[in-house]
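One structure below.
The values are calculated or read from the model by the stated rules, or taken from the named source; none is laboratory data. All values reported here derive from a predicted model rather than from experimental measurement. Heavy atoms of the whole protein, side chains included, go into the accessibility calculation; ligands, DNA and RNA do not. Shrake-Rupley method; radii C 1.70, N 1.55, O 1.52, S 1.80 Å.
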Amino acid sequence: MSYQLYTSFIAFTLVALVTPGPNSLMLLTSGVNYGFRRTIPHILGVVLGFALMIFLVGVGLMQIFDIYPVTYDFLKVFSIAYLLYLAWKIAVSTSHCEAEKSAKPFTFLQAALFQWVNPKAWAIALAIISLYTPSRDLVFISIIFISFVVMGLPVVSFWALLGKQMQHILTNPIRLRTFNISMAAILVASLYPVIFF
């Protein structure tokens, strides 16, 4: 991988990480409802789960979709249904006090597995592998894996920290409820390109 190609990959990845999508919306919501510390497993699951997804796509997982195209359609329907379910869960999230007692943020494993039903994660993984490692060289794929983890951790953490900082604004149950419903609506709206294009 040339220096120019690698710097292009870095720029693409930073833009992909910073722009809102299902992961960032869920981390923001988790930061608001559970705080930063309780969201750390979710953060690590997103970063390491997505990096592993890129790695596996790079070493040939996409051949399954080429051989069995129906698996892509199944994944798309399942992803949409699961994201709608998560939007509903966000919309009915409880207040900070109740969240401390009973509700739980995503675990590491839940966040890592979520990457496999996240349409934005699939789009980014496919773009990264096709654009920046067309030769599917294991060394280059490993460099991308490590680079994504190093860049992803601070950027993904930002969304949870932003949520934590918003807690003092959202102490009023009505404001918190409005925030959660708004985040759920934005998550549903993010499905528009997946469903119609």
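The table below gives the values:
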| item | result |
| --- | --- |
| Mean Kyte hydropathy of 1.0 or more with a Cα span along the axis of at least 27 Å, helices from DSSP in the chain | 36-56, 70-91, 138-166 |
| Max mean-square fluctuation residue, GNM over the chain, Cα-Cα springs under 10 Å, options L109, L17, L28 | L109 |
| 3J(HN,Hα) from dihedral phi, region 106-113, Karplus parametrisation 6.51/-1.76/1.60, rounded to Hz, x for glycine, proline | 4, 7, 4, 5, 4, 5, 5, 5 |
| Theoretical ellipticity at 222 nm over the chain - DSSP helices of four or more residues, -39500 (n - 2.57) apiece, nearest 500 | -25500 deg cm²/dmol |
| Total lysine pairs whose alpha carbons fall under 17 Å of each other in the chain (8 or more apart, or interchain) | 4 |
| The chain - accessible surface per residue (Å², probe 1.4 Å) | 52 Å² |
| Probe 1.4 Å - accessible area at I195, Å² to nearest ten | 80 Å² |
